[in-house]
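Before any comments, here is the structure.
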Amino acid sequence: MNRTPVVFIHGAWLHALSWDSWAERFASRGFRAFAPGWPGEAAAARDVRKFPEPLGGIGLGALTDHYAGIVRSFDISPVIVGHSIGGLIAQHLIGANVGRAAVAIAPVPTNDVPLPAYPARLRPLARAEDMDRMVSLSPEQFRHVVANTVGTEESDRLFARYAVPTPRRLLADLGCAGAVRSPHAVADIANTGRGPLLLLS
């Protein structure tokens, strides 16, 4: 039986529960599947929506360090699977020789690759007093940004179960709206000794 750990890292506007079906599939094939949430993330998305404050000050550095600590805690080096911001973190970690392999699914761009356009409602991000605030998506925006391959009823069901607000500080760290990108928004692409990396986009 393959007991390799697999650590799943979710992206913006989604709760860790969004990995449930993936974790179940990997576990059914003998892997040790883990989908730990962000620091301070409540056990259910509805609770995060009601009380988002514990996530408010999280930036990319803190989030990357959080998952680096989790990946390093295993006796057997894990495979890291990340989506969106989680995909960026997966690339950063494997480039730093943290983890045995990584899969980045539709990752936020790294290094000098420009970001796609973000909705105008996320601007401006420059005011320091706004950095601890959260940015939420409406059910309609969630369908447009996340659940755009399903109907309205299914999208609304997914929103209720998985949608959470995202820290404005984190969006600024990614370079949204012209903010200065965090030094963690990089991957060491010259490290030929790292584990394998699969990019899906």
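The values are calculated or read from the model by the stated rules, or taken from the named source; none is laboratory data. Quantities reported herein were computed from a predicted structural model and do not represent experimental measurements. Backbone-built Cβ (ideal geometry, glycine too); neighbour counts: all protein chains shown. With ligands, DNA and RNA removed, areas are computed over all heavy atoms of the protein, side chains included. Shrake-Rupley method; radii C 1.70, N 1.55, O 1.52, S 1.80 Å.
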Filter result (farther than 21 Å from THR166 by Cα and aromatic (Phe, Trp, Tyr)) within segment 65-103: PHE74
Pairs with Cβ under 7 Å, 6+ apart, first in segment 34-56 and in contact (Cβ under 8 Å) with a residue 60 or more places away in the chain, second among the acidic types (Asp, Glu) and open to solvent by 20 Å² or more (accessible area, probe 1.4 Å): VAL48/GLU41; LEU55/GLU41; GLY56/ASP132
Close pairs from segment 5-25: first within 24 Å of SER136 (Cβ to Cβ) and modelled with pLDDT of 95 or more, partner assigned to a helix (DSSP H, G or I) and of a type in the set (Lys, Arg), Cβ under 7 Å, at least 6 apart: LEU17/ARG161
Given (1) over 19 Å from the mean Cα position of the chain (by Cα); (2) touching a residue at least 60 places away in the same chain (Cβ under 8 Å); (3) open to solvent by less than 60 Å² (accessible area, probe 1.4 Å), number of the condition SER155 does not satisfy: (2)
Number of the condition not met by ASN111 [criteria: (1) at positive phi; (2) at pLDDT 95 or above]: (2)
